[in-house]
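Here the structure is laid out as structure tokens; the discussion comes afterwards.
The values are calculated or read from the model by the stated rules, or taken from the named source; none is laboratory data. Quantities reported herein were computed from a predicted structural model and do not represent experimental measurements. As a convention, Cβ positions derive from the backbone with ideal geometry for all residues, glycine included, and neighbour counts pool all protein chains shown. Remember, those area values only see protein heavy atoms, side chains included, never the ligands or the DNA or RNA. Shrake-Rupley method; radii C 1.70, N 1.55, O 1.52, S 1.80 Å.
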Amino acid sequence: MKKIRLGVNIDHVATLRNARNEGFPNLLDVTSNLKKLDVDSITVHLREDRRHIKDKDLFELKKYSKIPINLEMALTEEMIKIASKINPKFICIVPEKRNEITTEGGLNLNKISQTKLKKLLKISRKKNIQLSAFINPTKKMINLAKNLGFDTVELHTGNLDKKIIRKSTINQINEMIEYAHSKKLIVNVGHGLNFKNIKFIKKRKYVDTVHVGHFIISEAIFISLTKTINIFRNLIKK
């Protein structure tokens, strides 16, 4: 079985740093540690309001980090310009609402700007950037992503982060992982994943990358970043 990649979102390291505005914890130091722990990519979401990751962070990470960057971004002209300057290894288009605490669900591909998407697709293909859409795990969204020209989808797994997890929810996510794979799409999963609910991802053989962020940074407070990453790495092997 192929190795499942692990991507770590470092947005909330920036959140912690911004609380004091004194440059600590340093994002480059964190990515250096993640590299030693064999993390495959780092995710940063450059939000419109810059609530955690700043433009300076993105340029510094691109210049100095030895881990490939997965840039989460809204499909706006501003973000397309920044992405074309940064040239990250991966771009994931996500929905973004100014007043949301975190991403609340998948992108509605019916409502995105076709003009902006075509522009970003052209840039991505020219610069060999893997472009994905963060979508809800449904056939409708998977088919739309394929038809629109995405080569990758990241399926929203936030419904696994509930007090009561329905069997139908688990089945749907796994069925859609397999379905997206059958459509010749690269399949990633992310949002709300932790030590307990990762076991519900039964179709891991079809998953390229598992993206985890808030849980890893939070759990590291109790057992260290090294132990948290190592435990998660072992869990996605099984």
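Residue check, residue 191 against (1) more than 19 Å from the chain's Cα centre (by Cα); (2) closer than 22 Å to residue 89 by Cα, all met but one. Which one?
Status for residue 191: all satisfied but (1).
In region 157-179, what residues are in contact (Cβ under 8 Å) with a residue 40 or more places away in the chain and open to solvent by less than 30 Å² (accessible area, probe 1.4 Å)? Break it down stepwise before answering.
Filtering region 157-179 down to residues in contact (Cβ under 8 Å) with a residue 40 or more places away in the chain leaves 157-158, 160, 177, 179.
Selection gives 157, 158, 160, 177.
Name the residue that is nearest to residue 31 (Cα to Cα), counting only residues in region 206-238 that are assigned to a helix (DSSP H, G or I) and of a type in the set (Gly, Ala, Ser). Quick ask: steps written out before the conclusion?
Residues of region 206-238 assigned to a helix (DSSP H, G or I): 206, 214-223, 225-237.
Filter once more, so that each one left must be of a type in the set (Gly, Ala, Ser): 218, 220.
Working: 218: 16, 220: 14 Å.
Restricting to residues being assigned to a helix (DSSP H, G or I) and of a type in the set (Gly, Ala, Ser), the top hit is 220.
Residue under question is residue 131, and the condition is that it be assigned to a helix (DSSP H, G or I), closer than 20 Å to residue 89 by Cβ, in contact (Cβ under 8 Å) with a residue 40 or more places away in the chain and open to solvent by less than 10 Å² (accessible area, probe 1.4 Å); does it hold?
Details: assigned to a helix (DSSP H, G or I): no; closer than 20 Å to residue 89 by Cβ: yes; in contact (Cβ under 8 Å) with a residue 40 or more places away in the chain: yes; open to solvent by less than 10 Å² (accessible area, probe 1.4 Å): yes.
For residue 131, the condition - assigned to a helix (DSSP H, G or I), closer than 20 Å to residue 89 by Cβ, in contact (Cβ under 8 Å) with a residue 40 or more places away in the chain and open to solvent by less than 10 Å² (accessible area, probe 1.4 Å) - is not met.
If you go through region 134-154 one residue at a time, how many are in contact (Cβ under 8 Å) with a residue 40 or more places away in the chain and either assigned to a strand (DSSP E or B) or hydroxyl-bearing (Ser, Thr, Tyr) (or both)? Quick ask: steps written out before the conclusion?
We begin by selecting, within region 134-154, every residue in contact (Cβ under 8 Å) with a residue 40 or more places away in the chain; these are 134, 137, 139, 142-143, 145, 152, 154.
This time we only want the ones that are either assigned to a strand (DSSP E or B) or hydroxyl-bearing (Ser, Thr, Tyr) (or both), so: 134, 152, 154.
Adding up the residues that qualify gives 3.
For residue 234, work out the one condition from (1) under 24 Å from residue 37 (Cβ atoms); (2) surrounded by 21 or more Cβ atoms within 10 Å (Cβ to Cβ) it doesn't fulfil.
Here residue 234 meets the rest and fails (2).
If you take the residues of region 113-140 that are within 17 Å of the chain's Cα centre (by Cα) and of a type in the set (A, V, I, L, M), which of them is nearest to residue 74 (Cα to Cα)?
Among those that are within 17 Å of the chain's Cα centre (by Cα) and of a type in the set (A, V, I, L, M), it is 133.
Is it the case, given these coordinates, that residue 136 is surrounded by fewer than 22 Cβ atoms within 10 Å (Cβ to Cβ) and more than 27 Å from residue 32 (Cα to Cα)? Talk me through it step by step, then tell me what you get.
On the way: surrounded by fewer than 22 Cβ atoms within 10 Å (Cβ to Cβ): yes; more than 27 Å from residue 32 (Cα to Cα): yes.
In short, yes.
Which residues, counting only those in region 180-205, are in a helix (DSSP H, G or I) and open to solvent by less than 50 Å² (accessible area, probe 1.4 Å)? Working first, answer last.
Let us first name the residues in region 180-205 that are in a helix (DSSP H, G or I), namely 180-182, 197-200, 204-205.
Once the filter is applied, which keeps residues that are in a helix (DSSP H, G or I) and open to solvent by less than 50 Å² (accessible area, probe 1.4 Å), region 180-205 yields 180, 197, 198, 200, 204.
Tell me which residues, restricted to region 206-227, are over 15 Å from residue 172 (Cα atoms), of a type outside the set (A, V, I, L, M) and touching a helix residue (DSSP H, G or I) at 6+ places or on another chain (Cβ under 9 Å).
Within region 206-227, 213, 214, 215, 218, 219, 222, 226, 227 meet the criteria.
Results for (1) farther than 30 Å from residue 36 by Cα; (2) among the aromatic types (Phe, Trp, Tyr), shown as yes or no for each residue.
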| position | (1), (2) |
| --- | --- |
| 124 | no, no |
| 131 | no, no |
| 150 | yes, yes |
| 156 | no, no |
| 180 | yes, no |
| 197 | no, no |
| 224 | no, no |
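Give the residues of region 206-224 that are open to solvent by less than 60 Å² (accessible area, probe 1.4 Å) and out of contact with any Asp or Glu (no Cβ under 9 Å at 6 or more places or on another chain), sorted by residue number. Walk me through how you get there before you give the answer.
Taking region 206-224 and keeping what is open to solvent by less than 60 Å² (accessible area, probe 1.4 Å), we get 206-213, 215-220, 223-224.
Matches in region 206-224: 207, 208, 210, 212, 216, 218, 219, 220, 223, 224.
How many residues, within region 163-188, are polar (S, T, N, Q) and under 17 Å from the mean Cα position of the chain (by Cα)? Outline the logic, then answer.
Filtering region 163-188 for residues polar (S, T, N, Q) gives 168-169, 171-172, 174, 182, 188.
If we keep only those that are under 17 Å from the mean Cα position of the chain (by Cα) too, we end up with 188.
The qualifying residues number 1.
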